[in-house]
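This report concerns only the one structure given below.
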Amino acid sequence: MSLFANPQYRWRETYSILFRAADRPAAAALRKTFEDLRAGYRVTDVTTDAAGQVESATVIAPADFAGMDLSFVAGEDVREQICELLAERKQAASSKKEQAKLRQLTECDARFDVFHFEQIVADDPSEDDEYMDPGSLISLLKSLAHLCRGVGVDSTSGALL
């Protein structure tokens, strides 16, 4: 079940990991990677294709009052996103590391969308930010990018991670 349907969580932001479809992980590898990050991460609702590769998953990080839904996407949407990123970022690419990531994007044909959720704790919505820690999201994005040999992207700003 997606966290979008869970009233205890509120969506905050979306990130993407762009990668080659050939590097899409199997469910067991994804589960192990995330559960090894820190004690307390729970990987649930993993769905796979017929080959056992991840279609979607939910990761709960109770200590950070956060959760993340992952969803696999391939096809024209991914190619369009990459073309837009390349057009936007080529002019702004300042470091050699960012230029290398842009070159890597030209080989990508798939992505995981990572939907970041905040666990609702307080009755007063203005106090919610006191609980959520972005550490789990950052760890998950880095680990997922490494697992897929991909490039992380902030979907709002287009910044490469």
Per-residue HN-Hα couplings for segment 9-26 [Karplus 6.51, -1.76, 1.60; θ = phi - 60°; Hz; x = Gly/Pro]: 10, 10, 5, 10, 6, 10, 10, 10, 10, 9, 7, 7, 4, 5, 9, 5, x, 6
For Ala110, the residues 5 or more places away or on another chain with a placed amide H closer than 5 Å to its own amide H are Phe19, Ala21
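Heavy-atom accessible area per residue, the chain, 1.4 Å probe: how many Å²?
Here the per-residue accessible area is 52 Å².
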Evaluated at q = 0.12, 0.17, 0.20 Å⁻¹: base-10 log I(q)/I(0), Debye formula over Cα of the chain: -0.53, -1.00, -1.27
Leaving ligands, DNA and RNA out of it, report the carbon-plus-sulfur percent of the accessible area of the chain at a 1.4 Å probe. 50 percent
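The values are calculated or read from the model by the stated rules, or taken from the named source; none is laboratory data. Because the structure is predicted, anything quoted here is derived from the model rather than measured. The accessibility values were calculated without ligands, DNA or RNA, using every heavy atom of the protein model including side chains. Shrake-Rupley method; radii C 1.70, N 1.55, O 1.52, S 1.80 Å.
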